Amino acid sequence: MDLEWSAADLAFRDEVHAFLDERLTPDLRRAGRLMTSVYADHEASMRWQAILHERGWAAPAWPVEYGGCDWTVTQHYLFSRESILAGAPPLSPMGISMVAHVLIEFGTPEQKEFFLPRILTGEVFFCQGYSEPEAGSDLAALSMSAVEDGDDLVCTGSKIWTTHATEANWMFCLVRTSRAAKKQQGITFLLIDMSSPGIEVRPLVMTSGEQIQNQEFFDHVRVPKANVVGEIDDGWTVAKYLLEFERGGSAAAPKLQVMADQVARAAAGQPGPDGGPLLESPAFAAKLADARIRIDVLEVLEFRVLSAAAGGKNPGTASSMLKILGTELSQTLTELLLEAAGPRGRAYQPHATRPGGPLAGFAPPADGYVSGEEWQAVAPLRYFNDRAGTIYAGSNEIQRNILAKAALGL
Amino acid sequence: MDFSLTAEQQLLRDSLADWLADRYDLARSREAAASETGWQPEVWRSFADDLGILGATLPEEVGGSGGGPVEAMVIAEQLGRALVVEPYVDTVVLGGGVLRRLPGTGDPLEGIVAGSVRIAPALLEPTSGHTAHSVAATARRDGGDWVLTGAKTVVPGVPQATHLLLTARTSGEQRDLDGISLFLLPVDLPGLQVHRYRTIDDRHAADLVLDDVRLPAAALLGEEGRGWTALSPALDEALAALAAEAVGCLRRVLADTVAYSKERRQFGQPIGSFQALQHRMVDMHLEVEQSVAAMYLATLRLGAEPAERARATSAAKVTISRAARFVGQNAVQLHGGMGMTQELAIGHYFKRLTAIEYELGPADHHRARYAALTPTTG
Ligand SMILES: Cc1cc2nc3c(=O)[nH]c(=O)nc-3n(C[C@H](O)[C@H](O)[C@H](O)COP(=O)(O)OP(=O)(O)OC[C@H]3O[C@@H](n4cnc5c(N)ncnc54)[C@H](O)[C@@H]3O)c2cc1C
Ligand SMILES: Cc1cc2nc3c(=O)[nH]c(=O)nc-3n(C[C@H](O)[C@H](O)[C@H](O)COP(=O)(O)OP(=O)(O)OC[C@H]3O[C@@H](n4cnc5c(N)ncnc54)[C@H](O)[C@@H]3O)c2cc1C
């Protein structure tokens with residue numbers, strides 16, 4: 001038992017590092033560094049995906065036959081960690097990390113052949129249509145209807161909170177094909193071409209002023225049955241399979257470490273209550289140390305889950321645990337960054353950041369003026385946006401309910 | 001001991017609450033806040049002419065009605081409840097608090113009562129953090145004038161304000177209490193560089209650069225180097241009023257969250273029926289009730305000797321900062337996706353509560369001030 005990397009791991013890490021050093025342009029790093037949420041600027045993220053694809057690293061977790069990499073669990077971890085440390089903008093998870101796994105497991109040969117290569121190149125960009133106005137935490141209560149008509153399903157209803165629906169040309173979604181006694185039955189997993197007639201997309205304005213999430217209205221939208229993944233009425237099985245990737249796909253600790261380092265750098269340059277650097281004020285230093293301790297421990301917890309997964313074990317309830325710990329730590333770090341920002345944390349200056357979508361009703365100053373430094377402009381927006389971490393992908397209350405049942409047998 | 005409001009104070013509260021419920025529309029006020037003007041001037045006119053709240057706490061000699069801290073508390077709480085962006089605390093409580101002690105020339109207090117003078121406190125600087133007595137900007141005499149050099153940051157309420165209440169150092173080191181001088185100057189003074197921007201809580205602020213800005217001798221308030229003696233008690237009054245504003249916001253946010261949890265159904269039942277959420281809302285309620293008590297503590301101790309007054313207002317700020325964070329965050333959480341949007345009032349209140357958490361110093365500052373003022377008994 002040990003916590004060290006092998007020589008081969010270290011060599012791999014250096015290879016990744018050298019690649020990032022060479023190919024991550026200053027603008028891409030900026031796009032990564034000035035993100036205000038978990039969503040990167042779409043254009044920057046697609047540009048980075050193209051560069052990764054060229055190297056064969058756009059979707060390392062896929063099976064090799066579809067364009068993935070034959071890496072060990074440790075190598076996957078090191079790749080994602082090095083990318084984060086270098087400040088690479090993250091790729092959109094909906095295609096590469098979510099629906100692709102479903103297609104690989106449940107898709108027809110035609111579906112695989114059409115979608116997988118196009119997801120890799122970015123030609124197909126997916127959004128996730130699960131949530132509905134009346135079906136959030138209670139996802140299985142979804143009601144968007146899909147009625148069979150010849151070779152088509154005719155869809156009517158609404159989806160909400162759909163991230164990047166305006167950028168996406170495809171949506172994977174859950175629709176209701178029949179009303180059975182049990183609400184989990186009668187759901188179908190469907191791929192919808194966003195250019196189909198009858199779809200209206202309305203952007204939602206979040207507290208940060210950003211428009212990344214959307215509501216869509218479907219009015220008798222015809223979708224070929226060939227776009228059903230898995231069996232009609234058996235979409236819940238497919239959806240549950242995908243949820244495992246959404247909740248526990250990657251390790252959070254490296255990103256949290258980067259955030260903690262950023263907080264430390266920020267606080268070193270700001271005055272604390274006693275006039276010395278904030279970083280040296282006992283109250284702030286204790287809070288940051290506490291966050292770092294939680295990250296150190298989370299990292300080992302994640303290693304344990306990763307090595308169990310390498311041994312072929314399903315992460316099971318561990319993904320709920322990691323989701324709770326990771327998102328709540330992230331929120332703590334955004335609080336600390338906002339504290340470090342000082343009075344300037346109150347200024348609303350999204351023009352000094354790289355948000356993941358357009359801004360509603362904001363005109364940047366003509367002279368481009370920024371009060372303080374860019375990270376001080378990022379701090380309040382990241383704080384607001386990060387509140388979503390404990391809401392989406394199964395709220396933390398729902399994760400606790402899952403753990404109560406599955407981990408404790410209550 | 002008595003926590004009851006007089007008949008006049010109740011009337012003040014009810015008439016203001018009614019007026020705001022009728023006339024202060026949340027959507028319209030957000031639109032105004034996002035615009036270049038940044039506020040609704042007609043609201044301020046009504047505050048002066050119809051409601052008389054701008055003079056409620058100022059002396060009768062300047063046209064006010066001679067009320068005190070309790071009147072300020074009653075007013076600020078109602079303004080907080082309606083999420084009013086117009087600068088009451090900065091102008092009347094902080095600005096008025098300084099000018100009551102150091103009158104200045106040109107009858108600015110009468111202007112405040114009439115609504116024609118609005119004050120933006122220009123205290124914080126790029127290197128001050130949240131410490132108001134950390135002043136690096138300087139003022140020196142030149143013939144009959146003052147010449148000011150330095151920078152101020154996040155000066156709240158600049159497009160609405162007519163005047164700046166500005167600190168500059170005339171002697172001593174950056175954090176000395178002695179040697180701070182206070183100046184009252186028009187906001188459109190030639191030579192003053194102003195960079196305006198919006199704030200996260202739907203208000204406006206500005207950074208100022210003073211590069212040898214010239215002021216007449218009369219711009220100095222009170223004695224040279226003795227500004228802190230007036231600013232310090234006025235800041236404590238502003239802390240008490242900010243606590244009341246916070247209470248107004250907090251009560252509304254809690255009420256909205258409880259109401260939402262009764263309406264919103266998931267898993268075939270109102271989400272308010274889940275015990276996990278019930279306990280969370282009870283914890284929010286406990287934070288709100290402690291904030292109310294802290295608001296009284298600060299308000300009723302404003303007349304005490306300085307150390308006692310400072311301890312009470314710091315205790316209040318620590319309490320409301322904690323409540324602002326806990327109640328704001330959990331209100332968002334319990335609203336789910338809806339809580340993240342600007343569609344419901346909750347998103348706007350969360351932003352204001354976040355600003356309040358830090359305004360006039362975050363909890364750690366006030367814990368440190370409280371500790372320093374509390375004798376250690378061995
Ligand atoms: C930024 C953001 C991005 C998103 N992106 C997407 C996307 O791309 N695609 C998509 O399909 N969805 C997306 N979502 C939607 C997200 O999955 C939902 O918001 C989430 O499932 C919660 O649903 P809700 O918002 O309806 O809240 P509700 O389900 O109404 O929950 C409200 C509150 O009640 C609590 N609650 C509910 N049930 C229980 C219970 N049984 N016990 C205890 N507490 C409970 C919740 O935890 C929450 O605090 C996104 C959401 C956000 C905020
Ligand atoms: C030091 C001490 C002094 C006491 N003195 C007296 C006395 O003078 N007279 C007297 O009559 N009794 C007295 N008690 C008994 C006391 O009132 C009981 O211990 C108490 O009512 C809890 O009952 P219980 O111990 O059976 O625990 P339980 O009722 O079995 O509770 C166990 C746990 O479950 C929780 N729980 C129970 N129901 C719910 C629910 N609906 N929702 C959420 N959580 C729940 C409880 O909060 C607790 O954490 C005393 C107890 C102690 C420890």
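The numbers here are math on the coordinates, done by the rules we state, and not lab data. Note that this is a predicted model, so its numbers are computed, not measured. When we count neighbours, we look across all protein chains shown, and the Cβ atoms used for this are built from the backbone with ideal geometry, even at glycine.
Couple of notes before you dig in:
- Inter-chain shielding of B:272-283 (mean C-beta neighbours from other protein chains, 10 Å cut-off): 1
- Percent RCO, i.e. relative contact order, over chain A, from Cα pairs under 8 Å lying at least 6 residues apart: 16 percent
- Ranked list, fewest to most other Cβ atoms within 10 Å of each Cβ, for A:Ile96, B:Ile320: A:Ile96, B:Ile320
- Modelled spin labels at A:Asp27 and A:Asp290, positioned 7 Å past Cα toward Cβ, are 4.3 nm from each other.
- Model label zone, B:Asp145; criterion: amide N under 16 Å from point 7 Å along Cα-to-beta-carbon; scope the range B:195-227: B:210-220
- Between helix A:42-55 and chain A: long-axis angle, C-alpha atoms, 0 to 90°, nearest 10: 80 degrees
- When the listed pairs A:Lys183/A:Lys225; A:Lys182/A:Lys323; A:Lys112/A:Lys183; A:Lys255/A:Lys323; A:Lys112/A:Lys240 are checked against a 18 Å cut-off, the alpha-carbon distance exceeds it for A:Lys183/A:Lys225; A:Lys182/A:Lys323; A:Lys112/A:Lys183; A:Lys112/A:Lys240.
- Note on A:Asp233/A:Ala309: beta-carbon distance plugged into 1/(1 + (r/R0)^6) with R0 of 35 Å gives a FRET efficiency of 0.70.
- The relative contact order of the range A:259-333, computed from alpha carbon pairs under 8 Å that lie at least 6 residues apart in sequence, is 26 percent.
- Ranked list, fewest to most other Cβ atoms within 10 Å of each Cβ, for B:Ser321, A:Ser37: A:Ser37, B:Ser321
- Residue list for the range A:23-61, given a label point 7 angstrom along the Cα-to-Cβ vector of A:Thr121 and an amide N cut-off under 20 Å: A:43-60
- Beta bridges per DSSP, both residues in the protein assembly as shown: antiparallel share near 85 percent.
- Förster radius 41 Å - calculated FRET efficiency between B:Glu343 and B:Asp2 (Cβ-Cβ, nearest 0.05): 0.45
- Within chain A: Cβ-based charge dipole about Cα centre, in debye rounded to nearest 20 (Lys, Arg +1; Asp, Glu -1): 800 debye
- Zone of A:Thr108's modelled label, taken as backbone nitrogen in the range A:193-228 under 14 Å from a point 7 Å along Cα→Cβ: A:223-228
- Partners for A:Lys287 among aspartates and glutamates (Cα-Cα distance below 20 Å; same-chain residues under 8 apart left out): A:Asp261, A:Asp274, A:Asp296, A:Glu299, A:Glu328, A:Glu335, A:Glu339, A:Asp386, B:Glu357, B:Asp364
- Relative contact order of chain B, pairs being alpha-carbon contacts under 8 Å that are 6 or more residues apart, as %: 15 percent
- Partner aspartates and glutamates whose Cα lies under 15 Å from the Cα of A:Lys159, excluding those fewer than 8 positions away in the same chain, are identified as A:Glu132, A:Glu134, A:Asp138, A:Asp193, A:Glu200, A:Glu216, A:Asp219.
- Options A:Gln111, B:Leu83, A:Ala180, ranked by Cα towards positive dipole end of the protein assembly as shown, top entry (Cβ charges): A:Ala180
- Leading residue at positive end of dipole, chain A (Cβ point charges), from A:Gly345, A:Ala8, A:Leu139: A:Gly345
- Taking the charge dipole of the protein assembly as shown about its Cα centre, with +1 at Lys and Arg Cβ atoms and -1 at Asp and Glu Cβ atoms, the residue from B:Ala33, A:Ala61, B:Ala323 reaching farthest to the positive side is B:Ala323.
- Exposed trypsin sites (Lys or Arg not before Pro) absent - longest run of chain A, DSSP non-H/G/I/E/B, at most 12 other C-beta within 10 Å: A:1-178
- Likely footprinting exposure, B:Ile119, A:Ile51, fewest C-beta neighbours within 10 Å first: A:Ile51, B:Ile119
- Förster radius 56 Å - calculated FRET efficiency between B:Ser35 and B:Glu224, Cβ distance, rounded to 0.05: 0.90
- Whether the range B:7-117 is rounded, prolate or oblate, judged on the alpha carbon gyration tensor where a/c under 1.5 counts as rounded: oblate
- Kyte-Doolittle mean at least -1.0 and Cα axial length at least 20 Å: DSSP H helices in chain B: B:7-23, B:228-263, B:275-300, B:306-335, B:345-358
- Filtered GluC sites (Glu not before Pro), the range B:1-63: DSSP coil and at most 16 other beta carbons within 10 Å: B:Glu36
- Note on the protein assembly as shown: with charges restricted to the Cβ of Lys and Arg (+1) and Asp and Glu (-1), its dipole about the Cα centre is near 1080 debye.
- Separation between Cα centres of the range B:307-378 and the range A:135-166, rounded to whole Å: 41 Å
- Residue-wise HN-Hα coupling along the range B:135-142, computed from phi with Karplus coefficients 6.51, -1.76, 1.60 (Hz; x: Gly, Pro): 10, 9, 4, 10, 10, 10, 6, 9
- The label-point distance for A:Glu280 and A:His53, in a model that sets each label 7 Å from Cα toward Cβ, rounds to 5.1 nm.
- In order along the range B:175-186, phi translates into HN-Hα couplings of 9, 5, 6, 7, x, 8, 10, 10, 10, 10, 9, x Hz, rounded to whole numbers, per the Karplus curve 6.51 cos²θ - 1.76 cosθ + 1.60 with θ = phi - 60° and x for Gly and Pro.
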